[in-house]
1. From the list A:43, A:30, which one is within 14 Å of chain B (Cβ to nearest Cβ), closer than 22 Å to residue B:751 by Cβ and either of a type outside the set (Asp, Glu) or over 18 Å from the mean Cα position of the chain (by Cα) (or both)?
2. Check the range A:5-22 and report whether any residue there is part of a helix (DSSP H, G or I), modelled with pLDDT of 90 or more and either in contact with a Pro (Cβ under 8 Å, 6 or more places away or on another chain) or exposed (fewer than 12 other Cβ atoms within 10 Å of the Cβ) (or both).
3. When the residues of the range B:734-752 are narrowed to those that are more than 7 Å from chain A (Cβ to nearest Cβ) and of a type in the set (A, V, I, L, M, F, W, C), which ends up farthest from residue A:80 (Cα to Cα)?
4. Anything in the range B:422-469 that is more than 20 Å from residue B:387 (Cα to Cα), at pLDDT below 85 and either outside the structural domain of residue B:367 (by TED's automatic domain parsing) or assigned to a helix (DSSP H, G or I) (or both)? List them, or say none.
5. Taking helices (runs of 4 or more DSSP H) that do not extend beyond the range B:84-198, which have at least 1 residues that are modelled with pLDDT under 90, farther than 30 Å from residue B:227 by Cβ and over 16 Å from the mean Cα position of the chain (by Cα)?
6. Looking only at the range B:648-661, which residues are loosely packed, with under 10 Cβ neighbours inside 10 Å and in a helix (DSSP H, G or I)?
7. Give the residues of the range B:434-456 that are surrounded by fewer than 24 Cβ atoms within 10 Å (Cβ to Cβ), more than 15 Å from residue B:381 (Cα to Cα) and not aromatic (Phe, Trp, Tyr), sorted by residue number.
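The values are calculated or read from the model by the stated rules, or taken from the named source; none is laboratory data. The structure presented is a predicted model; accordingly, all values stated were derived computationally and were not measured. Quick reminder, even Gly has a Cβ in these numbers, built from the backbone with ideal geometry, and neighbours come from all protein chains shown.
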Amino acid sequence: MGLGAYIAVSAALFAIGIVTIITRRNVLYILMGIEMILNAANINFVAFNRFGDNGLDGRMFAIFTIILAAAEAAVALAVVLNVFYLFNSVKPGEADLLRE
Amino acid sequence: MLGLLEFNPALDYKLLLAVPLIPLVGYVLQIFLRNRLPHGDKILTGGMFAVACITVYMAAKAIAATHHGEPFLHHSSEVGMQFGWLYNSANVSSQANMIVGVFYDPLGAAMLAVVGVISFCVHLYSQGYMHGDRRYAIFFANISLFTFAMLSLVLSDNILFLFVFWEIMGLMSYLLIGHFSHDPSQPFFHRWATWASKKAFLTTRVGDVCLFVGIFIFYRNFREFWATSAAAQAALPDFHPLRFTHMWEMGRIVVEENGGVFPTWMTVAGLFAFGGTVGKSAQFPLHIWLPDAMAGPTPVSAMIHAATMVAAGVFLLGRLFPLLSPDVLAVVTFFGSITALFAAVIGMTCYDIKAVLAYSTISQLGFMVAAVGLGGVFAGMFHMITHAFFKACLFLSAGSVIHGCHHVQDMRVMGGLRKKMPITFLCMLASTCAIAGLPFFSGFYSKDAILLADWANLLQGEFFGGWAVMALICLAVGALFTSFYMFRLIFMTFFGEYRGDKKEHRYSAMLAAEGFEGPPPHGHDDDHHDDHGHDAHEDHGHEVHESPLPMVVSLCVLAAVGLPGIAALVNGWAEHLLEPANMYGSAVGEWVLGRLPEGIADHASHIGHESHNMALLVSTIVAWGGLAGAIFLYLMRPDLPSRIASKFGLAYVAVRRRFFVDEVVDATVLRPTMRLALVQRWIDEHVVDGLVLAIGRLGRAGGSISAWVDRTIVDGAVNAVGLISQSFGSALRLLQTGRVQQYAALAVGGGILTAAWLILS
């Protein structure tokens, strides 16, 4: 099984994440979409590490990304909570103050 | 003993410097601490006593030195005591630098002693006379500064400083004559005083301007001459153009180099300088201020008429005598003799006791000025000295009479006072004998000297003889009238019955009815009643009383100088002191004497003897003649004077109104000036103000145009920029939806399209 299969999985995951972010009406799903995009990137890191000869670099980046994703999720959930307090909703289409 | 009477430069200049400084310090103390210093008047009088002692002591030195024929011209540069005024240290040799020092010469010595003693007497006297006055402390301060100015004037070594103190005296006389200006409790005086002080100030100012011009001419021409003349530079290598000694010496050189003839500019300068004397010494036609100066308190009158102010003018003539050309001297003689006669005639008709004395002063000043004009500089200066004493005594006695009669000045309401005020009477009688020139009183000697100068001129026709004839007539008749009106004063005041208890003889009403020049009294004193003790001439009854001790003491001191014996002594001193060779130094003195008639210079000569005999004859005749006339008209036939007066009719009225000089001045000077002022006021209000207002309006119009431009164009441009930015912003804002997912979709779509384009190309 060659590099192409890994990248295909990664691309699919990325596309699913993007579509999720754009289409879903709930912020929590959008967060999940972001997590998918991050993991699509992780797959790429690991795949290129497996087929290239750059030592442990790719894997180290993947681990960083996972930690980063955890931190980001915490921050994002706090933001969502505040948005909910402010607008009494978690739908991103309704938080459009910038438009005024 | 002799050592004490020698001039000691190390100490004496300090003493001389202390002389003007004591009254100056007194003035400063009094003016600033008058409320805290309980006995400021006594301190000042004590200071003046010290001044009198110093000046007399110093005069004794001058007398001793001149008696031995030693030169006595001292300048404090001998001991390095001098200072630079307007001094440019970058250009030390410049003659524009003023070096000022103390100058002590025989004339100054005599004058200084006179001023010192009389000022002390006036200070002492004022303690009694001015007692209870509202502005008593200020009065003492002012009279001290007045004394300071005169003392400094005498000690000035240059004519510019003389002029400075001359002006200070003008100011102080203004303040002192106007002493009652702020005192509404003086019903008659306080408006008159305001007016009289202004009159005195402005009238003397005319003369002062002349003097200033004269100083300029001397200064400029002497400097120019010195710069071009080798002889002058050799004689005076260190030339100060305004210093008296240098001016005399330079005048001599100028005339010598000019072939013994005075150049025209010296005549012109001398005439201008004489203008200063005319103003200050109240010569015709600027005499009008002096009679009105009696609106001030009587001690001030004594001060002005005797020691200061009017004496300064004659003193100036004495200082400048070597520089006066024969033409100037002729003019001086003319004005002096006119004044002597003119004022004596007026003096005969006055009823106000102080007015008689005022006109007598003018007349006597005419004598002095005429004497100087006739070349008798000794006679003029000596008469100034004797006159200072007896006139001070007369004024203070008159003040004592006024004080005793509760501020009545009209002689018609006096009479019979000799029993009630014996000491005042005796002092006044002694001084009257002196001024009338009765033999062996002081006025006898000085008038004798004046007439001698006149005869000497007469006998030597080459000296402006024509003027001497006129001077002789004026002076002899003036002396006759002097004797007459002075004894008239004595008889009206001290002899006969006391007439002061008649109701209609009220002072101010009487003077007003006489057509007196003062402004009419506001409100009659019957309805003007206040509790101020000074204004007590109505209900205190009419108990006439002798004056308090300080006043009487100063009267006695002043009267004593005029008495026979003492007068002879003074005459002896003065003859040596005021010899031209001693007054101006030997070189200049000789030159001056060479220009004078023989009899004046040398009493022992034939002409001298003859003049002396003639003068003696004339002066004795006129003195006794005046006395006899007064006895006849005022003691034996008291009904005659009014009949004579009515017989003369118009002439009498003319004399009574002082020959209408005031009216003429009023019509020719005051009214045109006032009218000119009105015209100028109109021009000021309409033309000048109109111009200024027009400029203002123009500015305002320009301003409003500028404001319009600012508001519409400049502000408009700024606002337009803002508006454009705002509208762009609003338009661009429409592009934004605020939907996050839309942005994300666009970003991804853009990314895909970019990627697709990259891959496909």
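1. Checking each option against the conditions leaves just A:30.
2. For the range A:5-22, residues part of a helix (DSSP H, G or I), modelled with pLDDT of 90 or more and either in contact with a Pro (Cβ under 8 Å, 6 or more places away or on another chain) or exposed (fewer than 12 other Cβ atoms within 10 Å of the Cβ) (or both): present.
3. Checked the range B:734-752; the qualifying residue farthest from residue A:80 (Cα to Cα) is B:752.
4. B:455, B:456, B:457, B:458, B:459, B:465, B:466, B:467, B:468, B:469, listed by residue number.
5. B:106-129, B:136-155
6. B:650
7. B:438, B:439
Table: residues versus (1) buried (at least 24 other Cβ atoms within 10 Å of the Cβ); (2) among the charged types (D, E, K, R); (3) within 18 Å of residue B:373 (Cα to Cα).
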position	(1), (2), (3)
B:228	no, no, no
B:256	no, yes, no
B:278	yes, no, yes
B:283	yes, no, yes
